[in-house]
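The values are calculated or read from the model by the stated rules, or taken from the named source; none is laboratory data. This is a predicted model, so every value here is computed, not measured. Methodologically, a virtual Cβ is constructed for each residue, glycine included, from the backbone with ideal geometry; neighbour enumeration extends over all protein chains shown.
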Amino acid sequence: MKKTFYYLAFVALFISISFSSCVSSKKFKASEARVGQLQVDSANVQTKLNECDKNVKDLNDQKTSLLNENSLVLNDLKSLSTESKMTIADQARRLKSLQDMIQAQKNVMSKLKNSIAAALMNYKTDELSVYTKDGNVYVSLAEKLLFKSGSDVVDPKGKEALKSLAQVLNSTKEITVMIEGHTDNVPIKTNIFKDNWDLSTARATSIVRILTKDNGFDPSRITASGKSQFHPVKENDTVEGRAGNRRTEVILSPDLKELYKLLEQ
């Protein structure tokens, strides 16, 4: 009986110890798992902290960049303010001066056109025309008034027209003059002229010589150029059209030196 009692007691003790051991093992594993999870969470937190630190650094860098840009803008504004000594009243006076100068030039060109038209009124419309374009005054002289076909020698009637024109030009100091020779598209090749470029340039030069040497116009205010056949005013497929393209244009432009000086101030 006693043996049976001791045996049962031993078995109970063994079971108690084994159960206690199993419980302790489960708690240990649970704790171990918890520690592992905490380590993972800690690593995640550290990563986020690192990202936050980087974001803070980027924001600081952006702030520094913006401050530098603002400083540069302020310095530029200060520099502009220092360099520009013109008050609003000064700017208003300058604008008024520009407007007055432009209007004065318009008046000069309008008066010049009227004077030229009056001086050349005895010539027919198919011999010459006077008109304004882009602020310039154009005197377009037909070939029939100035030259024989294929020649750069000015006819007597053409010289008389140029003399009348020169008298008006000599009384107007605020202009510059461009002489442009033009031809039709019919090729030319002679012992004197290789092509229409030669002919158009030679004709313009002949007009320049008559205006300057024969009639006293200031050579420093005049330029000659040949345009050949490449700036027609009419179609070249008719006799009338080709005749209209064979012309010499005297282009009168306002002298803009004083205007440029005022703009540069």
**Asked** How many of the residues in the stretch 173-197 are surrounded by fewer than 19 Cβ atoms within 10 Å (Cβ to Cβ) and not hydrophobic (A, V, I, L, M, F, W, C)?
**Response** 10
**Request:** Out of Ser110, Ser97, Ser140, report the one residue that is modelled with pLDDT of 80 or more and either among the β-branched types (Val, Ile, Thr) or farther than 17 Å from Met178 by Cα (or both).
**Result:** Ser110
**Item:** Asn122, sole failed condition from (1) buried (at least 19 other Cβ atoms within 10 Å of the Cβ); (2) more than 28 Å from Ser220 (Cβ to Cβ)
**Value:** (1)
**Message:** When you check Asp195 against the structure, is it at pLDDT 95 or above and not basic (Lys, Arg), yes or no?
**Reply:** yes
**Prompt:** Mind checking whether some residue in the stretch 226-233 is crowded, with 20+ Cβ neighbours inside 10 Å, hydrophobic (A, V, I, L, M, F, W, C) and either touching a helix residue (DSSP H, G or I) at 6+ places or on another chain (Cβ under 8 Å) or touching a residue at least 24 places away in the same chain (Cβ under 8 Å) (or both)?
**Reply:** no
